[in-house]
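The values are calculated or read from the model by the stated rules, or taken from the named source; none is laboratory data. Predicted model, so just to flag it, every value in this text is computed and none were measured. When we count neighbours, we look across all protein chains shown, and the Cβ atoms used for this are built from the backbone with ideal geometry, even at glycine.
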Amino acid sequence: MFRFTLFRIPVEVQPFFWVTMVLVGGVNGIDSGRGIFKILLFILAGFISILVHELGHALTARKYGASVHIVLQAFGGYAAYSGKHMSRLQSFLITAAGPAIQIVLGLVAYFALQSLPNLNETGSHFLAMLAVISIFWAVLNLLPVLPLDGGRMLESILGPARFRITLWTTIIVGVGAGMFLLTKSIIFPIILGMSAWQAFQALQENRRF
């Protein structure tokens, strides 16, 4: 377990975070020293990008008076906050802050890459991965699928009285997006499929999840 503090926010990085980063980065590339180096760059870029994403949530929640901490775990992470009840608007803004700042990070990395034509191969590769990971992760999280950020934002907009609409949206978008991504990766369709299945179970049992 790796722990540190950033901007006075406790951060915990669980071992399976690194394992899933290797899996997403492509285990097929470890057959050579160069492949291993690229995977290490991918892990570093992913760590920075996902940490910035969670910092967006945590810093916004702290601004509203909550106590916060960040956990990076398998397939991503979360920013937990307690000590203050948030309004639906505050919850929406806290949730939206994560992908918003991650998109900004991705754009900064992209424009830095375009502005530095003489950057060495390692630097160029790192910036390219940072841009791709940041934009892809932010867009994926904006899908209206619980428990992703987009699903939480939709839940904040619709409120508890229309929670079944949020669940149905999770099922439809989760299945559709999962099928679309099936030709590109197996990991993300599994995550979306599990989200859709949980939403279906919640509908059947008439409970939240």
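Data for the structure
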read-out	value
Residue satisfying all of: in region 183-209; closer than 19 Å to Pro160 by Cα and hydrophobic (A, V, I, L, M, F, W, C); modelled with the highest pLDDT among these	Ala196
Restricting region 87-109 to residues that are more than 17 Å from Lys63 (Cα to Cα) and touching a residue at least 24 places away in the same chain (Cβ under 8 Å), the residue that is surrounded by the most Cβ atoms within 10 Å (Cβ to Cβ)	Gln102
In region 151-164, the residues that are free of Cβ contacts under 8 Å to residues at least 12 places away in the same chain and over 17 Å from Met86 (Cβ atoms)	Ala161, Arg162
Residue satisfying condition, being in the same structural domain as Arg8 (by TED's automatic domain parsing), in contact with a strand residue (DSSP E or B) (Cβ under 8 Å, 6 or more places away or on another chain) and on the phi < 0 side of the Ramachandran plot, within set Val68, Val108, Val104, Val24	Val68
Checking Ile133 against (1) more than 18 Å from Val24 (Cβ to Cβ); (2) at pLDDT 90 or above, the condition it does not meet	(1)
Condition check for Thr170: among the polar types (S, T, N, Q) and closer than 23 Å to Gln204 by Cα	yes
Unmet requirement for Arg3, which otherwise passes all of (1) surrounded by 15 or more Cβ atoms within 10 Å (Cβ to Cβ); (2) in contact with an Asp or Glu (Cβ under 8 Å, 6 or more places away or on another chain); (3) part of a strand (DSSP E or B)	(1)
